[in-house]
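Q: Before anything else, here's the structure in question.
The values are calculated or read from the model by the stated rules, or taken from the named source; none is laboratory data. Note that the coordinates shown come from a computational prediction; the quantities given were computed from them, not determined experimentally. Backbone-built Cβ (ideal geometry, glycine too); neighbour counts: all protein chains shown. Areas reflect the complete protein model, heavy atoms only, side chains present, ligands, DNA and RNA absent. Shrake-Rupley method; radii C 1.70, N 1.55, O 1.52, S 1.80 Å.
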Amino acid sequence: MKIPFSPPYIDTAIEAEVLDSLRSGWITTGPKVKALEAETARLAGVQQVLCCNSATSALMLALHWYGVGRGDEVIVPAYTYCATALAVMHIGARPVMVDVGSDFNIAVDRIRAAITPNTKAIIPVDIAGWPCDYHEIMALVQSPEVQGLFQPRGAAQEMLGRVLVLSDAAHSIGATYRGSPAALWADLTVYSFHAVKNVTTAEGGAIAIHLPAAFDHEEVYRTLRLWSLNGQTKDAFTKSQAGGWRYDIVYPGFKMNMPDLLAAVGLAQIRQYGDHLLPARRHIFGQYHAFFGSAGRYQLPPHQSEDKSSSCHLYPLRLLGAAESQRDEVIARLGEAGVASNVHFVPLPMLTVFKERGYRIADFPVAYDNYAREISLPIYPQLTEAQVTYICEQVRSCVNSVL
């Protein structure tokens, strides 16, 4: 049996939506992007969502909108994909890394020590779809002590008056926190629509806007949209209408827009998400939990609590008592048995680009411990009961043989 790690979900509804886009004669940013923004806003519980060409672009655009730049610091977890920190670096700021907890997410008690007068934003990351402790993070940035350190620069920072909480929810579309969509607990939330994500556009991302009431959310959306299109006052679809050719460039913006052809894939998927795709993931997550929970050799990932509900993007299983080399051997043997698995993630300080800038994995012991014992198992709607059973049995067999 050959089981891939994370193939995209493609059905006839997706094929029909893409074909409709092709036949429409319009394949770049247009009506399907607007429709996907509306569907994403509905799922996130917010009024405004902007689609971009990637989650990395979305993070950069959000930070740039908030005026983050040279000399500024942005707090990120040491345990995340590189894009979280690279987005900070691309706009000229410095990522300040902090360690994580046993749930893989940023440790709130470590954030306070990392905040300085240069701190402009915090980017919590919902690893595997499990929401961070947003109530505690918000309480921290709104505390008089931390607000007293904040040194605003620019209109957006003056209006917010504190450190921005920018959620990297690349994994967690559909996750809930305290009974609400998790996006309602951060100022801005960025989703990823990359090929392996719960909802995909092949490549893409989105910014969900949930700033305090003092901000005009529609105006923030219009600004972000303008900046994502080179600062051009009309998008290509509007310009193409009869007599609508004249435009201006009013800001030195970026090229970060999503095309309709890709939005069509995500549009068809997101319409099935709540009723089919997300429940299917949660069902498989439950099967893994039932199997590995009774084995005694595994640390199970969090997925449900009184306050949180995961989107079950990944199933990050940790092997109790395993060394990194033993974990690697288990992955190799799983591959020989036809089961593709993965590791999420190599901590940032272990990657060359960050090591060369002075970050040391020794400073982040929990991140390393999580990484060294972690194996991500396949979890996607197309998996059959027989395949899930086979994966469980092969993991047990390989772990037993190595440990």
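Q: What are the residues in region 185-199 that are crowded, with 22+ Cβ neighbours inside 10 Å and not aromatic (Phe, Trp, Tyr), if any?
A: Answer for region 185-199, where residues must be crowded, with 22+ Cβ neighbours inside 10 Å and not aromatic (Phe, Trp, Tyr): Ala186, Asp187, Leu188, Thr189, Val190, Ser192, Lys197, Asn198, Val199.
Q: List pairs: first residue in region 129-143 and in contact (Cβ under 8 Å) with a residue 24 or more places away in the chain and within 16 Å of Ala170 (Cα to Cα), second residue surrounded by 13 or more Cβ atoms within 10 Å (Cβ to Cβ) and basic (Lys, Arg) anywhere in the structure, Cβ distance under 8 angstrom, at least six positions apart or on different chains.
A: Listed pairs, sorted by first residue: Trp130/Lys308; Pro131/Lys308.
Q: Within region 113-133, how many residues are more than 15 Å from the chain's Cα centre (by Cα) and not polar (S, T, N, Q)?
A: Kept after step one, since they are more than 15 Å from the chain's Cα centre (by Cα), are these residues of region 113-133: 113-121, 133.
This time we only want the ones that are not polar (S, T, N, Q), so: 113-115, 117, 120-121, 133.
Selection size over region 113-133: 7.
Q: Among the numbered conditions (1) aromatic (Phe, Trp, Tyr); (2) modelled with pLDDT of 95 or more; (3) not in a loop (DSSP other than H, G, I, E, B), tell me where Phe215 comes up short.
A: Single failed check for Phe215: (3).
Q: Can you tell which of Gln304, Gln299, Gln287, Gln272 is in contact with a helix residue (DSSP H, G or I) (Cβ under 6 Å, 6 or more places away or on another chain) and surrounded by fewer than 20 Cβ atoms within 10 Å (Cβ to Cβ)? Don't jump to the end; show me each part of the working.
A: Details: Gln304 fails: in contact with a helix residue (DSSP H, G or I) (Cβ under 6 Å, 6 or more places away or on another chain); Gln299 fails: in contact with a helix residue (DSSP H, G or I) (Cβ under 6 Å, 6 or more places away or on another chain); Gln272 fails: in contact with a helix residue (DSSP H, G or I) (Cβ under 6 Å, 6 or more places away or on another chain).
Step by step, each of Gln304, Gln299, Gln287, Gln272 is checked, and only Gln287 is in contact with a helix residue (DSSP H, G or I) (Cβ under 6 Å, 6 or more places away or on another chain) and surrounded by fewer than 20 Cβ atoms within 10 Å (Cβ to Cβ).
Q: Of Gly45, Gly92, Gly67, which residue is open to solvent by 10 Å² or more (accessible area, probe 1.4 Å), out of contact with any helix residue (DSSP H, G or I) (no Cβ under 6 Å at 6 or more places or on another chain) and not hydroxyl-bearing (Ser, Thr, Tyr)?
A: Of Gly45, Gly92, Gly67, the one residue that is open to solvent by 10 Å² or more (accessible area, probe 1.4 Å), out of contact with any helix residue (DSSP H, G or I) (no Cβ under 6 Å at 6 or more places or on another chain) and not hydroxyl-bearing (Ser, Thr, Tyr) is Gly92.
Q: Would you check if Ala62 is part of a helix (DSSP H, G or I), out of contact with any helix residue (DSSP H, G or I) (no Cβ under 7 Å at 6 or more places or on another chain), under 18 Å from Leu164 (Cβ atoms) and of a type in the set (Gly, Ala, Ser)? Talk me through it step by step, then tell me what you get.
A: Details: part of a helix (DSSP H, G or I): yes; out of contact with any helix residue (DSSP H, G or I) (no Cβ under 7 Å at 6 or more places or on another chain): yes; under 18 Å from Leu164 (Cβ atoms): yes; of a type in the set (Gly, Ala, Ser): yes.
Criteria met by Ala62.
Q: Does Arg327 satisfy the condition of being part of a helix (DSSP H, G or I) and buried (at least 18 other Cβ atoms within 10 Å of the Cβ)?
A: Working: part of a helix (DSSP H, G or I): yes; buried (at least 18 other Cβ atoms within 10 Å of the Cβ): yes.
Judged against the criteria, Arg327 is a match.
Q: Next question, about the same structure. Out of curiosity, is Phe291 more than 22 Å from the chain's Cα centre (by Cα) and within 22 Å of Ser6 (Cα to Cα)?
A: yes
Q: I need the full set of residues from region 134-191 which are more than 26 Å from the chain's Cα centre (by Cα) and hydroxyl-bearing (Ser, Thr, Tyr), in order please.
A: Once the filter is applied, which keeps residues that are more than 26 Å from the chain's Cα centre (by Cα) and hydroxyl-bearing (Ser, Thr, Tyr), region 134-191 yields only Ser143.
Q: Which residue pairs have Cβ atoms under 8 Å apart, sit 6 or more places apart or on different chains, and have a first residue in region 327-353 that is on the phi > 0 side of the Ramachandran plot and a second that is open to solvent by 30 Å² or more (accessible area, probe 1.4 Å) and at pLDDT 95 or above?
A: Gly338/Lys2; Gly338/Gln394
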